[in-house]
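Just below is one structure, and these are the notes that go with it.
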Amino acid sequence: VKLAGGLNQYRYVPNPTGWVDPLGLNSNCPPPNMPGCPVPDGVAGSVVDEGEPLTPKPKSRPGNFGSEEKLAGHFEKHGAEFKAMTSEEYLLIARGVVNQGTRVEYLYKGEMRAGYIQLMGTNRKGEAKFAFVGTNTNDEITTLHTKSGKEFWRTINGNAQDKTVRPAHD
């Protein structure tokens with residue numbers, strides 16, 4: 001039995017993996033002119049899509065209040081919280097929070113809204129103090145004011161005890 005396989009004892013049993021052509025590079029497998037088995041012809045039928053993928057576009061973020069009157073009203077109410085001297089300065093601060101802050105989703109009067117928050121520091125009680133920009137479904141800024149403590153967490157999470165910021169994607 002030892003000599004039946006030749007001098008190499010490991011070569012006694014043929015290796016079946018040598019019979020496989022996983023990439024189909026061997027053009028004589030299947031044999032040419034065999035009925036029902038066409039020979040692969042290389043790359044003649046290959047097609048290449050030479051178009052480039054579309055460039056990703058950033059989602060538009062809110063940049064303005066719905067009207068000048070709404071901007072003026074909110075500036076009168078909340079402008080002092082940010083030491084804004086004019087409604088234009090107040091609007092620039094709101095745009096800064098939208099562009100550099102974290103987007104969150106919150107429930108407002110039964111519908112999901114997008115808001116933007118930015119940490120400002122802490123309040124007198126040592127609680128986190130945030131700049132908060134609220135928006136509406138028309139992609140308009142509705143408010144800019146500071147929020148902290150239980151009121152802030154209740155607004156963004158619906159629960160004053162849940163002190164987790166959950167970023168939402170655009």
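The values are calculated or read from the model by the stated rules, or taken from the named source; none is laboratory data. Please read these numbers as outputs of a predicted model, since none were measured by experiment. Cβ atoms come from the backbone with ideal geometry, glycine included; neighbour counts cover every protein chain shown.
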Of everything in segment 142-168, what is closer than 13 Å to ARG103 by Cβ and either at pLDDT below 90 or not basic (Lys, Arg) (or both)? Give them in sequence order.
ILE156, VAL165, PRO167, ALA168
When restricted to SER67, SER60, SER46, the only residue at pLDDT 85 or above and among the polar types (S, T, N, Q) is SER67
Answer yes or no: is there a residue in segment 148-159 that is hydroxyl-bearing (Ser, Thr, Tyr), under 22 Å from SER87 (Cα atoms) and either in contact (Cβ under 8 Å) with a residue 60 or more places away in the chain or not in a strand (DSSP E or B) (or both).
no
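Matching residues to (1) exposed (fewer than 11 other Cβ atoms within 10 Å of the Cβ); (2) assigned to a loop (DSSP other than H, G, I, E, B):
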residue	(1), (2)
ASP49	yes, yes
GLU52	yes, yes
THR55	yes, yes
PRO58	yes, yes
GLU69	yes, no
PHE75	no, no
ARG95	no, no
GLU105	no, no
ARG113	no, no
Residue that is farthest from the chain's Cα centre (by Cα) [pool: residues in segment 125-141 that are of a type in the set (D, E, K, R) and modelled with pLDDT of 90 or more]:
LYS129
Within the bounds of segment 97-111, is there any residue that is without any contact (Cβ under 8 Å) to a residue 24 or more places away in the chain, closer than 28 Å to GLU68 by Cβ and of a type in the set (A, V, I, L, M)?
no
